[in-house]
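Worksheet: one structure, shown below.
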Amino acid sequence: MSLEILLVRHGQSTANVAAARAESSGAELIEVDARDADITLSETGLDQARALGSWLRSLPDDARPDLVWSSPYRRALDTARTALAEAGIDVPVRTDERLRDRDLGITDMHTQAGIRARYPEEAERREWLGKFYHRPPGGESWADVALRVRSVLADLERLGEGRVLVSAHDVVIMIFRYVCEGLDEETVLDVARTDGVRNASVTRIAQNGPASWRLVDYNIDTHLTDRGVSPTDEPAVGEQESADEDAAP
């Protein structure tokens with residue numbers, strides 16, 4: 001048996017809802033009452049986590065995860081714990097800060113309109129560099145996240161075989177694809193723009209050999225609709241597309 005990784009995006013969070021509302025209203029700031037690490041799941045997000053757990057419970061024993069690695073951010077950890085409790089699966093849960101969401105630095109909790117209004121030079125720099133390589137002051141680029149993911153993959157490969165559920169964030173999951181499939185900047189950003197990672201969806205990658213991976217499933221969320229739970233696809237805070245980025249590589 002080779003190593004298989006089930007990548008799960010956290011369920012819809014209260015910040016996902018707030019970000020969508022702020023972007024649609026043209027607000028400059030996203031109103032949340034907690035730091036990024038402490039953002040909770042919305043009621044829909046909890047329902048999505050339970051539906052994920054129901055799906056895990058329906059899997060045969062040899063298809064269930066042997067252990068869980070999770071971002072320490074509350075929305076991801078709560079998704080994993082809620083799903084495992086619903087499934088009745090008792091496996092170790094390891095938190096790993098390398099799986100946390102991308103740090104947005106000074107642009108944290110700003111909409112695209114807010115960044116353009118309050119940090120116009122930074123907005124221009126982002127447009128020039130493109131989303132993948134732009135690092136906001138005090139924050140991270142997508143390329144920085146790739147360094148974290150490569151490190152996590154190296155540790156996972158040392159497990160040898162088994163099935164690991166990774167509970168994380170949309171950018172982290174996109175970067176797993178970027179690294180494992182050898183995608184380029186243009187391709188990974190196009191996937192993110194046209195088929196972004198949905199809340200509580202499952203992406204499955206399997207090891208072919210040393211440092212060799214293949215994509216088995218991407219963005220599967222039928223376990224939600226099958227159980228009467230609404231799918232949601234809000235991008236993470238700070239990852240919303242702007243008009244300028246529509247034409248970016």
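The values are calculated or read from the model by the stated rules, or taken from the named source; none is laboratory data. Here the structure is a predicted model, which means the values were calculated and not measured. Neighbour counts are summed over all protein chains in view; Cβ atoms, including those assigned to glycine, are modelled from backbone coordinates with ideal geometry. To get the accessible areas, we keep the full protein, side chains included, count just its heavy atoms, and leave off ligands, DNA and RNA. Shrake-Rupley method; radii C 1.70, N 1.55, O 1.52, S 1.80 Å.
Rounded to the nearest Å, what's the spacing between the alpha carbon centres of the range 1-71 and the range 173-211? Just the number, please.
17
Pairs of alpha-carbon atoms within less than 8 angstrom and 6+ residues apart define the contacts here; what relative contact order does the chain have, in percent?
30
DSSP beta bridges in the chain, what fraction antiparallel, as a percent rounded to 5?
Around 50 percent of the beta bridges assigned by DSSP in the chain are antiparallel ones.
Across the range 66-83, in residue order, what do the Karplus-derived ³J(HN,Hα) couplings come to in whole Hz, using 6.51 cos²θ - 1.76 cosθ + 1.60 with θ = phi - 60° and x for Gly and Pro?
Computed from phi, the couplings for the range 66-83 are 8, 7, 10, 10, 9, 4, x, 5, 4, 5, 6, 5, 5, 4, 5, 5, 5, 5 Hz.
Taking 0.36 nm per residue of sequence separation and subtracting the Cα-Cα distance, how much length would be gained by fully extending the chain between ALA85 and GLU186, in nm to one decimal?
32.5 nm
Take each of the peptides 139-150, 170-181, 154-165, average the number of other beta-carbon atoms within 10 Å over its residues, and list them starting from the highest.
Packing order, densest peptide first, comes out as 170-181, 139-150, 154-165.
With a sphere of radius 14 Å drawn around the Cβ of ALA87, what net charge do the other residues whose Cβ falls strictly inside it have (Lys, Arg +1; Asp, Glu -1)?
So the surrounding residues net to +2.
Once every DSSP H run of n ≥ 4 in the chain is given -39500 (n - 2.57) and the sum is divided by its residues, what mean residue ellipticity at 222 nm do you get, rounded to the nearest 500 deg cm²/dmol?
After summing the helix terms and dividing by residue count, I get -12500 deg cm²/dmol.
Using only the alpha carbon atoms of the chain, find the Kirkwood hydrodynamic radius as the inverse mean reciprocal pair distance, in angstroms to one decimal.
That comes to 18.3 Å for the chain.
Please compute the per residue accessible area over the range 119-173 with all protein chains in place, 1.4 Å probe, rounded to a whole number of Å².
About 44 Å² of surface per residue is accessible.
Along the range 141-157, what does the Karplus equation 6.51 cos²θ - 1.76 cosθ + 1.60 (θ = phi - 60°) give for ³J(HN,Hα), rounded to whole Hz, x for Gly and Pro?
8, 4, 4, 5, 4, 4, 4, 5, 5, 4, 5, 4, 4, 4, 5, 5, 4
Long-range amide H contacts for TYR218: which residues qualify at under 5 Å (H placed 1.01 Å from N, peptide plane, sequence gap of 5 or more or a different chain)?
ARG204
Starting from 0.36 nm per residue, how many nanometres of slack lie between ALA117 and LEU129 once their C-alpha separation is accounted for?
2.4 nm
What list of ³J(HN,Hα) couplings, whole Hz, do you get for the range 195-210 from phi and the Karplus terms 6.51, -1.76, 1.60, once you set θ to phi - 60° and write x for glycine and proline?
Each residue of the range 195-210 in turn: 8, x, 5, 8, 4, 6, 7, 10, 10, 10, 10, 10, 7, 8, x, x Hz.
Would you list the P(r) distribution for the range 167-222, with all Cα-Cα distances sorted into 10 Å bins from 0 and each bin expressed as a whole %?
Computed distribution, short to long bins: 23, 58, 19, 0.
Given the C-alpha atoms of the range 76-206, compute the convex hull and give its volume per residue in Å³.
122
First compute the accessible area of the range 1-132 with a 1.4 Å probe, then give the percent of it belonging to carbon and sulfur atoms.
For the range 1-132, the apolar C and S fraction of the accessible surface comes to 46 percent.
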